[in-house]
Number of protein chains: 2
Amino acid sequence: MPAIKVDHLAVVVEDMDAALKFWQDALGLPLQGTESNEHEAVDVAFLPVGESRIELLKPTTEDSGIAKYLAKRGAGMHHVCIAVTDIEAAMQQIAEHGAQLINETPRTREDGTRYAFVHPKSTGGVMVELYEVPGKA
Amino acid sequence: MPAIKVDHLAVVVEDMDAALKFWQDALGLPLQGTESNEHEAVDVAFLPVGESRIELLKPTTEDSGIAKYLAKRGAGMHHVCIAVTDIEAAMQQIAEHGAQLINETPRTREDGTRYAFVHPKSTGGVMVELYEVPGKA
């Protein structure tokens, strides 16, 4: 079974300070870090909880994918990321079951980690990210 | 810090078999169990992943809260449940920070566990359930 854990739950927010007021101050999650991702045009805050983390995403432009999602759907949960041991095996198994992958081959982050998205229409309405954590089988 | 882990992520689905085809067959999560919750008028499937689980909810009537959610918002993520050690302390801290609780006092399940919901308008758009797992601090 290649799925290890919920790596993160991504939440699109309109107001980062207001969101941190809940997740950090009121709920008490530690703020592990923040970053500005220019490629995706989002500010991100990372808040670990157990083996997972909450990722708050705030669009920094009006024409990014996340900004369009926010305008269309409103603030809320955007995707869930499941850590897997072998992304190619996971993607192959998903494709063999007729589910639609958004990425046909894994994409690679700057730090070398590999990921891919599954289309919500194949999952019951959830955007699912797969993220490879090799060797943790 | 009273928050322990993501206990579960609840997903509202239109077609349970189609959803299980992804989460169980394609992604490979084990199906821990299913139940028919007459009080909430939903069929539920539980699929553990790491220390968390995915809960698939399918409305069994057309006038339940979950059915109305599905009709209004479509299938997808409904709420995230965070396990906490002391639900009264967590609720007090949340209220003190001005966040709006849907339940003013904890509700109790048949098995004695206690839970409460936080209103999405206070969290950046996410329905958050708190679930008490006592003594696991």
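The values are calculated or read from the model by the stated rules, or taken from the named source; none is laboratory data. This structure is a prediction, so every number in the text was calculated from the model and none was measured. Cβ placement follows ideal geometry from the backbone for every residue including glycine, while neighbour counts extend to all protein chains displayed. Ligands, DNA and RNA are stripped out before the accessible areas are found, and what is left, the full protein with its side chains, is counted by its heavy atoms. Shrake-Rupley method; radii C 1.70, N 1.55, O 1.52, S 1.80 Å.
Quick look at the numbers
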quantity	calculated
FRET efficiency, B:T108 to A:D25 (Cβ-Cβ, R0 22 Å, nearest 0.05)	0.20
Residue-averaged 222 nm ellipticity for chain B, from DSSP H runs of 4+ at -39500 (n - 2.57), nearest 500	-4500 deg cm²/dmol
Residue-by-residue Karplus 3J(HN,Hα) for the range A:42-59, coefficients 6.51, -1.76, 1.60, Hz, glycine and proline x	9, 8, 10, 10, 10, 10, x, 8, x, 8, 10, 8, 8, 10, 8, 10, 10, x
Qualifying GluC sites (Glu not before Pro) in the range B:53-137, DSSP loop, other Cβ atoms within 10 Å at most 12	B:E62, B:E104, B:E110
Rotational relation A to B, axis-closest Cβ in chain A, residue and distance rounded to whole Å	A:M77, 2
7 Å along Cα→Cβ, label-point gaps from B:H119 to other copies, nm, shortest first	3.8
FRET efficiency, A:K121 to A:E51 (Cβ-Cβ, R0 25 Å, nearest 0.05)	0.30
Bridge type composition, chain A - antiparallel percent by DSSP, nearest 5	75
Distances in nm from A:R73 to the matching label points in the other copies, shortest first (labels 7 Å along Cα to Cβ)	1.0
Under 11 Å, Cβ to Cβ, from A:T60 - net charge with Lys/Arg +1 and Asp/Glu -1	-4
Chain B: relative contact order in percent, alpha carbon pairs under 8 Å with at least 6 residues between	26
Net charge contributed by nearby residues that have their C-beta within less than 13 Å of B:D17 (K/R +1, D/E -1)	-2
Rounded to whole Hz, the Karplus (6.51, -1.76, 1.60) HN-Hα couplings of the range B:24-34, x for glycine and proline	8, 6, 7, 7, x, 6, x, 8, 6, x, 9
In degrees, nearest ten, helix B:87-96 long axis to first principal axis of chain B (Cα)	70
Sparse-neighbourhood loop sites, trypsin sites (Lys or Arg not before Pro) in the range B:64-137 - DSSP loop, at most 12 other Cβ within 10 angstrom	B:R109, B:K136
Förster radius 45 Å - calculated FRET efficiency between B:D15 and A:A18 (Cβ-Cβ, nearest 0.05)	0.80
Lysines with Cα under 23 Å of A:K72, excluding same-chain neighbours fewer than 8 positions away	A:K58, A:K121, B:K68, B:K72, B:K121
Amide H partners (placed H, <5 Å) of A:D7, local residues excluded	A:C81, A:I82, A:A83
DSSP beta bridge pairing in the protein assembly as shown, given as percent antiparallel to the nearest 5	75
Shortest-first distances to equivalent copies, position B:G33, nm, label 7 Å out along Cβ	4.0
Area buried, chain B against chain A - accessible surface, total, 1.4 angstrom probe, square angstrom	3400
At 0.890 mPa s and 25 °C, Stokes diffusion of chain B via Kirkwood alpha-carbon radius, µm² per second	156
Net dipole in debye of the range A:3-132 [+1 Lys, Arg Cβ; -1 Asp, Glu Cβ; about Cα centre; nearest 20]	440
Neighbourhood net charge (11 Å Cβ-Cβ; Lys/Arg +1, Asp/Glu -1) for B:H97	-1
When the protein assembly as shown is reduced to its Cα atoms, the Kirkwood hydrodynamic radius in Å	19.1
